[in-house]
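Engineer: What follows is a structure written as structure tokens; I'll ask about it next.
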Amino acid sequence: MSKISVFFYFIFLPLALFMSSCASNHQVTDHKLAQSILSDKSFQKVDSMARGVIKEGFNAGSGYSQIWARDMNTFIETALEETSKEEVRGAILLFFALQQKNNEMVDGYVLKKDFTWNDDTPYYSDAAPNHVGFKNTVETDQETSLIQLVGKYVKKTGDTSILTEKVADISVLNRMELMIDYLLNNKYNKKYGLLNGAMTADWGDVQPNDDFGCDWNKLSNEAIDVYDNAMLIIALNYLQEMTADKGQIEKWKELQKSVRLNVRKYLWDEKREKFIPHIYPDKSPIPAGFDENNIHYHGGTAVAIEAGLLSKDEIKTVNKQMVENVKLSGMPSIGLTIYPTYPKGFFRGGMSAPYYYQNGGDWTWFGGRMIQQLIANGFVKEAYEEVQPMIDLVIKNKGFYEWYGKGGTPSGSGKFKGSAGVLSKSIAQFKDWAKEQNK
């Protein structure tokens, strides 16, 4: 045997055997995990419960008469399996009937008879004479949520005819293009090359400066965050899929590239390996002595992963941060909105208290989206472990609550369809992965 052969035999052969053994062990582990997922009766129970809730209609949940684009965007896949395509299509088209003359999109709508809450800025349209629209203008995700909703509808049903459907003489596809124009003309900070909104907590739609908190006004603080811009990147993905116009595709690609680069440049903190909460182009509302950059924005981070803004190593890191934040906070799950919270009294009303509503409440609606992204990026074991508290809360409380406070106290709507939708979709992803392992 030559010296080279001896070297290979004693060095490389054991290494190859070790690597082969590791791969084999990994396959066994995946197979066991797949079996656990496929035999998980709690998954079967929660999925059945979720489908029952979503069958009841497209409103956001019990206690809500309104149909919201941002909510429906997160349960449309399950809705299309439990209700007719025609019903879903009709609900989507009504949004476009309420698009305003400046091309902006409403948050949602209700029948006029159900417009009973105190909102001094209703939205009307001749194309939807029986309905009233509403919009929480401190947020900037209405247009991008609806584009994603349409994209998911088309992908799930194959019904591309909705794109050429004309609403008040303008096609749905053209109306979506006009919505992007609205964002660039009205919600785009040219200095940073990113969408803006008012300062809120992460993905939330309540600002700290007034009692109502949902409308942009003279008390608002312009702010740029990762959530709004990640939502835009995802919407631009769908627009590229939905049009055959090469010029438009190139336009969306260039905008997407620019937003992606600027998010990484201005919002990603390389040292802390997390997104900073906000850029304030003008005045910051943050009180002296409080470092907002210590706060982790869980919801915006989950959506950023969906937008492809983080590498696999970065996903692993931010997920570990979320798990650690849950331990430190004492909250139930990675649905924890933010950690640490804003100081007591910073927001008005109930949200002035830490771990209440969007100021650190635990929202399955967004935690479930992080679960989806963990599965999609190969962290299935972590996803299975981290979804368990969410599943347990549904079974324990016999419903899909909007959010949870300290000690897992259920709060808000008891049949929140966003929570039902993200868990149902997560369970479907788990099962699809598990079935692949058994082939």
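Engineer: Would the stretch 327-345 turn up any residue that is of a type in the set (Phe, Trp, Tyr), open to solvent by less than 10 Å² (accessible area, probe 1.4 Å) and either in contact with a strand residue (DSSP E or B) (Cβ under 7 Å, 6 or more places away or on another chain) or more than 30 Å from Asp210 (Cβ to Cβ) (or both)? Can you show your working first?
Structural biologist: In the first step, residues of the stretch 327-345 are kept if they are of a type in the set (Phe, Trp, Tyr); the result is 339, 342.
Cutting the leftovers down to open to solvent by less than 10 Å² (accessible area, probe 1.4 Å) gives us 342.
If we keep only those that are either in contact with a strand residue (DSSP E or B) (Cβ under 7 Å, 6 or more places away or on another chain) or more than 30 Å from Asp210 (Cβ to Cβ) (or both) too, we end up with 342.
Yes, because at least one residue in the stretch 327-345 is of a type in the set (Phe, Trp, Tyr), open to solvent by less than 10 Å² (accessible area, probe 1.4 Å) and either in contact with a strand residue (DSSP E or B) (Cβ under 7 Å, 6 or more places away or on another chain) or more than 30 Å from Asp210 (Cβ to Cβ) (or both).
Engineer: Would you check if there is a residue in the stretch 80-99 being open to solvent by 20 Å² or more (accessible area, probe 1.4 Å), among the aliphatic types (A, V, I, L, M) and either under 18 Å from the mean Cα position of the chain (by Cα) or within 17 Å of Lys415 (Cβ to Cβ) (or both)?
Structural biologist: no
Engineer: Give the stretch 42-78 a look and list any residue that's part of a loop (DSSP other than H, G, I, E, B), open to solvent by 20 Å² or more (accessible area, probe 1.4 Å) and aromatic (Phe, Trp, Tyr), or say none.
Structural biologist: Matches in the stretch 42-78: Phe58 only.
Condition check ((1) farther than 16 Å from Met231 by Cα; (2) surrounded by fewer than 18 Cβ atoms within 10 Å (Cβ to Cβ); (3) aliphatic (A, V, I, L, M)) across all residues:
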{"site": "Lys113", "(1), (2), (3)": "yes, yes, no"}
{"site": "Thr116", "(1), (2), (3)": "yes, yes, no"}
{"site": "Thr121", "(1), (2), (3)": "yes, yes, no"}
{"site": "His131", "(1), (2), (3)": "yes, no, no"}
{"site": "Gly158", "(1), (2), (3)": "yes, yes, no"}
{"site": "Glu165", "(1), (2), (3)": "yes, yes, no"}
{"site": "Asn174", "(1), (2), (3)": "yes, yes, no"}
{"site": "Asp181", "(1), (2), (3)": "no, yes, no"}
{"site": "Gly197", "(1), (2), (3)": "no, no, no"}
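Engineer: Same structure again: Give me a count of the residues in the stretch 393-415 that are assigned to a strand (DSSP E or B) and either under 24 Å from Ala230 (Cβ atoms) or in contact with a Ser or Thr (Cβ under 7 Å, 6 or more places away or on another chain) (or both).
Structural biologist: 4
Engineer: Same structure, new question: Could you grab me the full set of residues in the stretch 154-206 that are assigned to a helix (DSSP H, G or I), of a type in the set (S, T, N, Q), more than 30 Å from Pro287 (Cβ to Cβ) and touching a residue at least 24 places away in the same chain (Cβ under 8 Å)?
Structural biologist: Of everything in the stretch 154-206, just one residue is assigned to a helix (DSSP H, G or I), of a type in the set (S, T, N, Q), more than 30 Å from Pro287 (Cβ to Cβ) and touching a residue at least 24 places away in the same chain (Cβ under 8 Å), namely Thr157.
Engineer: So which of Glu104, Glu139, Glu81, Glu87 is among the acidic types (Asp, Glu), closer than 27 Å to Ser426 by Cα and not in a helix (DSSP H, G or I)?
Structural biologist: Only one candidate passes the filter, namely Glu139.
Engineer: Give the number of residues within the stretch 123-153 that are more than 23 Å from the chain's Cα centre (by Cα), touching a residue at least 24 places away in the same chain (Cβ under 8 Å) and over 24 Å from Asp205 (Cα atoms).
Structural biologist: 3
Engineer: Sort out which residues of the stretch 370-392 are part of a helix (DSSP H, G or I) and open to solvent by 20 Å² or more (accessible area, probe 1.4 Å), and write them in order of number.
Structural biologist: Hits for the stretch 370-392 are Gln373, Ala376, Lys381, Glu382, Tyr384, Glu385, Glu386, Gln388, Pro389, Asp392.
Engineer: Of everything in the stretch 305-335, what is touching a helix residue (DSSP H, G or I) at 6+ places or on another chain (Cβ under 6 Å), hydrophobic (A, V, I, L, M, F, W, C) and over 19 Å from Asp269 (Cβ atoms)? Give them in sequence order.
Structural biologist: Ile334
Engineer: Let me confirm something: among Lys246, Lys253, Lys218, Lys271, which residue is open to solvent by 10 Å² or more (accessible area, probe 1.4 Å), without any contact (Cβ under 8 Å) to a residue 24 or more places away in the chain, within 18 Å of Glu306 (Cα to Cα) and more than 21 Å from the chain's Cα centre (by Cα)? Outline the logic, then answer.
Structural biologist: Working: Lys246 fails: within 18 Å of Glu306 (Cα to Cα); Lys218 fails: within 18 Å of Glu306 (Cα to Cα); Lys271 fails: within 18 Å of Glu306 (Cα to Cα).
Result of the check over Lys246, Lys253, Lys218, Lys271: Lys253.
Engineer: Moving to a separate point now. Condition first: free of Cβ contacts under 8 Å to residues at least 40 places away in the same chain, out of contact with any Asp or Glu (no Cβ under 8 Å at 6 or more places or on another chain) and outside any loop (DSSP other than H, G, I, E, B). Now tell me which residues in the stretch 318-369 satisfy that.
Structural biologist: Lys320, Glu324, Asn325, Val326, Lys327, Leu328, Ser329, Gly350, Ser352
The values are calculated or read from the model by the stated rules, or taken from the named source; none is laboratory data. Here the structure is a predicted model, which means the values were calculated and not measured. A quick note on method: Cβ atoms are made from the backbone with ideal geometry, for glycine too, and the neighbour counts reach across all protein chains shown. Keep in mind that these areas ignore ligands, DNA and RNA; they rest on the heavy atoms of the full protein, side chains included. Shrake-Rupley method; radii C 1.70, N 1.55, O 1.52, S 1.80 Å.
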